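Since the structure comes first, as structure tokens, the remarks are kept for the end.
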Amino acid sequence: MNIKKLTVLTVFGIAMGWWEGVVVVYIREILSLRAVDLTRITMEQVKRALTVAHPAYTLLFIEQTREVSTIVMLVAISLLLDKNWVRKIGIFLWTFAVWDIFYYVALKILLNWPPSLNTIDCLFLIPRPWIAPVWVPLTVMAGFLIISGYIFLRYRPES
């Protein structure tokens, strides 16, 4: 992976993270919610969706489609930027990590949230809700950066 491509991927991931943080700010403002309330409402939606005949009408379903869209964007950029499938995985992991880290950076800057790395968050809703302290995804993302860095060094394009 050359520095120019890695820089573009990093900027893309930062922009995605910031954008998602801004979306959360708007959601909280529109619903007049604090962070704890948004997590609680999300979990209530999960329970309700399990009993509702038409889950497409729930906030849960809408949020799941946003999450799928995010993954599709990350996969698409990975598929476009390299021919080698191992490097494609590296690109996906790198961009995913930068995006997720900067999502939390954006929330900290915009909302001063989370108050600590031990704050509980609803991390993802697919296929089921993932609930954990904020330090968990940040640790996983650091691992993704290390793995992708290894991939970029180990599987260099042939000249």
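Just so it is clear, none of the values below were taken in a lab; they were calculated from the coordinates. Just so you know, these numbers come straight off a predicted model, no measurement behind them. Neighbour counts run over all protein chains shown; Cβ positions are idealised from the backbone, glycine included.
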Point to revise | Distance (nanometres) between label positions extended 7 Å along Cα→Cβ at ILE126 and VAL23 | key: 1.1 nm
Review point. Between VAL75 and VAL105, what is the spin-label point distance in nm, taking each point 7 Å from the Cα along the Cα→C-beta axis?
Key: 2.7 nm
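Please list, by residue number, every one of the trypsin sites (Lys or Arg not before Pro) in segment 74-159 that is coil in DSSP and has at most 16 other beta-carbon atoms within 10 Å.
Working: sites: LYS83, ARG87, LYS88, LYS108, ARG154; in loops: LYS83.
Those that pass, being in a loop and sparsely packed, are LYS83.
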Practice item. Please tell me which of these pairs span more than 25 angstrom C-alpha to C-alpha: LYS83/LYS108; LYS4/LYS88; LYS5/LYS83? Key: LYS83/LYS108
